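The values are calculated or read from the model by the stated rules, or taken from the named source; none is laboratory data. Just so it is clear, the structure is predicted and the values come from calculations on it, not from any experiment. Reconstructed Cβ throughout: ideal geometry from the backbone, glycine too, with neighbour counts over all protein chains shown. For the accessible areas, the whole protein counts, side chains as well, though only heavy atoms, and no ligand, DNA or RNA atoms are used. Shrake-Rupley method; radii C 1.70, N 1.55, O 1.52, S 1.80 Å.
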Amino acid sequence: MGAGRRLPTVRCGILAEEGTVKHVAASAAWRDLAAAAGREARRRPWRFAACASGYAIAVGMGVLLLAALVFSRNIQSGILGSTGTHFIVYSPACAEVASLTTAELAMLASGTRPPRCEEKCKVCTGCNKKPLDLANEAFVAQQVETKLLPFGILEQARREPGLFRGVSPYLMFRCRDPQDGHRFTVGGFDPADTVAVPPAVCSPSDIIEGAFLHPNDTGLALVEQGYAAARGLRLGSAVTISGWPFIVIGVVAPGVRPAKADVLLTFSDAEKVISRRLRSPLFQEMNVLLVEVAQAEVQDAAMARMRQIVQTGLISSFACYEPAAEVLGLSRGVIYAAAVLLALLAAAFGLKTQLAAIRERRRELGILRAIGWSRRSIHRLMTLEALLPGAVGGVVGAAVAAVVLPFVSLEYWTGVPARLDPLMLPLLAMTGALLAVVGGIAAGAAAGRSAVRELPARQLRQY
Amino acid sequence: MTERTAMLDAVSIRKSFWRSGREIPVLRDVSLRLDAGETLVITGRSGTGKSTLLSLLGGLDIPDAGRIDVCGTDTAAVSQDRLAELRRETVGIIFQNFNLLPSWSAVENVEAALMHGELGPAERRERAIRWLERLGIGDRIENLPAELSVGQQQRVAVARTLVNEPKLILADEPTGDVDPETGAEIIAHLKAAVADRGAALLVVTHGTYPVATGDRVLRLRDGILEPAG
């Protein structure tokens, strides 16, 4: 038969039946490909080391950068996270209170709720504990007459530490001095509470004269500096409330506090003296709830939750938590952006390295294709070959960063006496290593695509 | 005359390369057919397009025009993966410059051709070693190509091609760089593949391969195949 002569073509059905031709788009097993990738790393150790060390440097620097950002955010969080993160909760008194008849008040005192109050006052005990001197005295908060709130609210709030860092009961009662008729406010707080009380009522640092109250003190009082000046009170003076003399042990200047009072007593003392002025004594009740929120960023959520708990309640807060929360949110955003940037950087680095390797190995890839390797197998091989240095470099870089970081004195560089949370280190290191692995896979996958785009003959012509 | 199975059927193949915007025609109008159990030798001087023809027939490159059927499959009508499958299962190519993977040992190079099959790692290794032993380099299986002589590299390349027992063997100067003794052994293995398994063998050579071993001999000149002699 000569050149160009045509004979009928017969398909190789017989050959297929013999099992020689299997029309299955097979790809090499992952295990074989991993072995081939490992072999490549072993046989070209310097190239592998160069590639892995590139990843290690990128990841190490990235972890250090992230650590610095997290550290910076922690510092901000320490300052801004507690800026304006407190509020007080109270429930305004019913308008009907003033119109209750003597008979209705007597019903309340005996524990029966008058029919007209039935609907409105599900949990309130305010009416049966109305002051004896209705015209002058009342539970108040920020000039508003209030109802009483049960202690059960405290327990509900304490079950949610993610929102509420601290809650504390507070009594605030407007009294009338029977001697000269002047009105003043009595505040009853828990001196042991160092979380919710200081930002809303007063703190030991507000003392301008004398000493602060202790939890077990009794018969002792703090007076607000303005009230003390107006009434001529000084340390050792006596303030008589409900016939009970309280010795002034401190003068405070609380400034702008939402629950500041003229005379401050321990909660139990306040409970006793106020009860004497009511139709029924107080029992595990307060009229103001002092709240310290976990951090500025959850302030809105905390206030919303508190509105659910105290359905008829009003919340008075400082607005300065809003910019604080915004700054903290921005700071967190910067960290996320840096992490994404780091991942992109690792991927770009890996891609560059892999593309360079592919250019160098075009001929080898052509050989593999010439002996029947599928594009999918080549693609996978490239991915694994990129993954290996990415994983090794990522782990090494992250480990080195984790070891080095505790010795880098962030305090020295920033001048801020703060430390990075030790738990953050492994987390950052793992994140860095993971990003390198992801970067390696992405780079290998992209490079693999490039590797199989050319015709094998063209790859084989490369020297 | 009994109709035989066409392992290879190429019709009016054209192929040109472009250099600096100028077309360099390599294959002008090449047609050929190769049946099972047949040996075709194509001779030609260096640079006449023999290796290019082999690349096209092996599905490694695409012709500018014409049609190539390998085992009944139109290579222009199937995907690159299907072509790879053909090369894996049906076609074995021996390259002029061996094309061994430099970082893979001799046995790994041979095993590479078996990686997509159903054989397990141990069976693959055993089969690869068996072929290397058959080609007389059983004692060098762990050596890298750079650690082997040219003749040994050629044997590895032949082993890699024959290990899959292909039905169509395309050989580019299979004895080009080896001593006469090694060349004779390689020829013997290729002839055995044709005789024992009914494979079709196409050899391109510029003269190192004995044309007498071919059932037919053609010459490639100026991009056209013509009868030799």
Seminar exercise, completed: Amide H neighbours of B:Ala65 at under 5 Å, excluding residues fewer than 5 places away on the same chain, with H built from the backbone geometry, are B:Arg14
Exercise. Is the shape of the range B:122-209 best called rounded, prolate or oblate, per the rule: a/c under 1.5 gives rounded, else a/b larger than b/c gives prolate, else oblate, with a ≥ b ≥ c the square roots of the Cα gyration tensor eigenvalues?
Worked result: oblate
Exercise. Whole-Hz Karplus ³J(HN,Hα) for the range A:247-262, in order, using 6.51 cos²θ - 1.76 cosθ + 1.60 and θ = phi - 60°, x for Gly and Pro?
Worked result: 7, 6, 10, x, 10, 10, 10, x, x, 8, 10, x, 10, 6, 10, 6
Exercise. Hey, could you pull the Cα Rg and Dmax for chain B, both in Å?
Worked result: 17.3, 52
For this session: Counting residues in the protein assembly as shown as N, plug N into 2.2 N^0.38 Å and put the Cα Rg over that result.
Result: 1.71
Seminar exercise, completed: Output field shielding_mean for A:446-456 (other chain Cβ, 10 Å radius) holds 2
For this session: Could you list the trypsin sites (Lys or Arg not before Pro) in the range A:257-317 that lie in coil according to DSSP, counting only those with at most 16 other Cβ atoms within 10 Å of their Cβ?
Result: A:Arg276, A:Arg279
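Give the accessible surface of the protein assembly as shown per residue, rounded to a whole number of Å², with probe radius 1.4 Å and ligands, DNA and RNA excluded.
I get 44 Å² per residue for the protein assembly as shown.
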Seminar exercise, completed: Between chains A and B, total accessible area buried, probe 1.4 Å, no ligands or nucleic acids, nearest 100 Å², roughly 4600 Å²
For this session: Rounded to whole Hz and in sequence order, give me ³J(HN,Hα) for the range A:223-236 from the Karplus expression 6.51 cos²θ - 1.76 cosθ + 1.60, θ = phi - 60°, writing x for Gly and Pro.
Result: 10, 6, 4, x, 5, 4, 5, 5, 9, x, 8, 9, 4, x
Exercise. What residues qualify as long-range amide H neighbours of A:Thr194, i.e. H under 5 Å apart, gap of 5 or more or another chain, H built at 1.01 Å from N?
Worked result: none
Problem set entry | Order of exposure, largest accessible area first, which applies to B:Thr48, A:Thr112 with probe 1.4 Å | A:Thr112, B:Thr48
For this session: Using packing as a proxy for protection, rank A:282-291, A:377-386 so that the peptide with the highest average count of other Cβ atoms within 10 Å comes first.
Result: A:377-386, A:282-291
For this session: Give the Rg/Rh ratio for the range A:240-315, taking Rg as the radius of gyration of the Cα atoms and Rh as the Kirkwood radius, to two decimals.
Result: 1.05
Problem set entry | Accessible surface of the protein assembly as shown [probe 1.4 Å, protein heavy atoms]: carbon and sulfur percent | 57 percent
Exercise. So how exposed is A:Tyr336, as accessible area in Å² (1.4 Å probe, rounded to 10)?
Worked result: 140 Å²
Exercise. Which whole number gives the average count of other chain Cβ atoms within 10 Å of the Cβ atoms across peptide B:97-106?
Worked result: 5
Exercise. For A:His214 and A:Asn136 in the same chain, what is the full-extension length gain: residue separation times 0.36 nm, less their Cα-Cα distance, in nm?
Worked result: 25.0 nm
Exercise. Which whole number gives the average count of other chain Cβ atoms within 10 Å of the Cβ atoms across peptide B:26-32?
Worked result: 2
